[in-house]
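Accompanying notes for the structure given below.
The values are calculated or read from the model by the stated rules, or taken from the named source; none is laboratory data. This structure is a prediction, so every number in the text was calculated from the model and none was measured. Quick reminder, even Gly has a Cβ in these numbers, built from the backbone with ideal geometry, and neighbours come from all protein chains shown.
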Amino acid sequence: MKTTLLTFVLLIFSVNSISQDYSGLDKIKLKKAEDFKNYEEKVLAVAEYLLSGPTDENADNKIYCNRFLFRWMVGAEYSFEIGDDYSNFTKKRDELGSIYFAAMIKAAITNDAEKVEADDIVKDAKEIFIDYCANPSNNVKPNKAIKVAIEERG
């Protein structure tokens with residue numbers, strides 16, 4: 001009986017430690033320029049989380065993540081430009097829009113965007129986004145623009 005109870009408790013703790021809770025992101029204050037710079041590591045981790053699995057899983061966590069990323073993008077020192085790729089790829093599909101923004105953030109931060117141009121961010125974000133869409137485990141039903149971009153890469 002003790003072994004069964006211990007096994008059950010360990011199972012619950014292991015499941016809780018595997019699942020991530022991003023509800024605390026709403027409490028992070030982003031007001032001053034240094035706040036935005038100081039949270040870059042956290043922002044990158046959140047973007048990676050969004051890019052690491054299907055858009056249809058963990059909906060509550062993804063809402064917290066998206067809100068946090070959008071708040072950060074507004075005040076960050078990076079220049080995020082939304083172009084034709086964004087509108088062609090997402091076509092009013094909010095879940096793909098979130099992935100595209102996460103890709104832009106990843107491109108900006110990993111390229112040390114203090115020196116990188118907005119065009120470089122857009123180019124790298126497109127590649128990250130297409131990689132995400134091309135991965136069958138992410139359950140993306142590609143539209144025509146995404147199919148063409150995947151095929152062009154070879």
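Values as computed for the structure displayed
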quantity	calculated
Condition met for residue 152 (at pLDDT below 95, within 23 Å of residue 42 (Cα to Cα) and among the charged types (D, E, K, R))	no
Criterion violated by residue 140 - all others in (1) assigned to a loop (DSSP other than H, G, I, E, B); (2) surrounded by fewer than 20 Cβ atoms within 10 Å (Cβ to Cβ); (3) touching a Phe, Trp or Tyr at 6+ places or on another chain (Cβ under 9 Å) satisfied	(2)
Condition met for residue 86 (in contact (Cβ under 8 Å) with a residue 24 or more places away in the chain and part of a helix (DSSP H, G or I))	no
All positions within segment 46-105 that are within 19 Å of residue 27 (Cα to Cα) and aromatic (Phe, Trp, Tyr)	49, 64, 68, 70, 72
Tally, over segment 74-84, of residues that are at pLDDT 90 or above and crowded, with 17+ Cβ neighbours inside 10 Å	1
Residue that is β-branched (Val, Ile, Thr), closer than 11 Å to residue 47 by Cα and part of a helix (DSSP H, G or I), where the choices are 63, 121, 130, 105	105
Residue within segment 88-111 that is within 17 Å of residue 37 (Cα to Cα), among the aromatic types (Phe, Trp, Tyr) and over 13 Å from the mean Cα position of the chain (by Cα) present	no
Residue check, residue 71 modelled with pLDDT of 90 or more, surrounded by fewer than 16 Cβ atoms within 10 Å (Cβ to Cβ) and touching a Leu at 6+ places or on another chain (Cβ under 8 Å)	no
